[in-house]
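Everything below concerns the one structure shown next.
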Amino acid sequence: MNVEILISFVVSVLALAISPGPDNIFVLVQSLSYGKKYGLAVVFGLMTGCLVHTSLVAFGVSYLIVENETLFTLLKVFGAIYLLYLAYKVYSSDANISIEKKSEKPKSLSALFQQGFLMNVLNPKVSLFFLALFPGFLFSKSLSETYQFFILGFLFIAVSFLVFGSIALFSGYFSSFIFKNKNAGKVLKWLQVIVFVAIAIFIVI
């Protein structure tokens, strides 16, 4: 087992989870508008959705790896290209972070959990991202690929839950930090670009 690869994976996921995106911004807005428990309900929904994508990728890609090594190599090349594409999309996007509190009546906790779950499960880009990311971080020659994908998936969920949960619990601090630091958006934007490019290079080397 290559622990260094797992550490690299955790660091990469941590950097990407911190970077502003529609999911963590949604968690932040719900927490600011209605309270921490509402933001946490969204977080639990999002992380539960990740379990579905992890299962789909684990069983599907593991089969490809066993059946065709060349196809797996092509899959890693595709993953690197997709990650570079994501880096370009982030690079060309607006660095400003927009946070607006909502004034309408909050949804129930179960409804927010369901919304977070559906936001994740019904987004094919999540499976595509997992498909691009996970194959480059296989860390063992003795464990089956299916087990390794699930381990990576649970690590992804654990790190993301830690970051997203912190955003919900400390939403006021994060909001004031973003508003007080005008360059926060630019720093986080470039962090995301660098991480995407670094992972792409790591996958194909």
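If the cut-off is a Cα-Cα distance under 18 Å, which lysines reach residue 36, setting aside same-chain residues fewer than 8 apart in sequence? The qualifying lysines are 101, 102, 105, 107.
Per-atom-type breakdown for segment 56-156 gives carbon and sulfur 63% of the accessible area (1.4 Å probe, protein chains only). Per residue, the solvent-accessible area of segment 115-205 (1.4 Å probe, heavy atoms of protein chains only, all protein chains present) comes to 53 Å².
Within the shell defined by Cβ-Cβ distances under 13 Å, the residues around residue 83 carry a net charge of +3, with Lys and Arg each +1 and Asp and Glu each -1.
The values are calculated or read from the model by the stated rules, or taken from the named source; none is laboratory data. Computed from a predicted model, the values in this text were never measured in an experiment. Every residue, glycine among them, receives a Cβ derived from its backbone with ideal geometry; neighbour counts consider all protein chains shown. Keep in mind that these areas ignore ligands, DNA and RNA; they rest on the heavy atoms of the full protein, side chains included. Shrake-Rupley method; radii C 1.70, N 1.55, O 1.52, S 1.80 Å.
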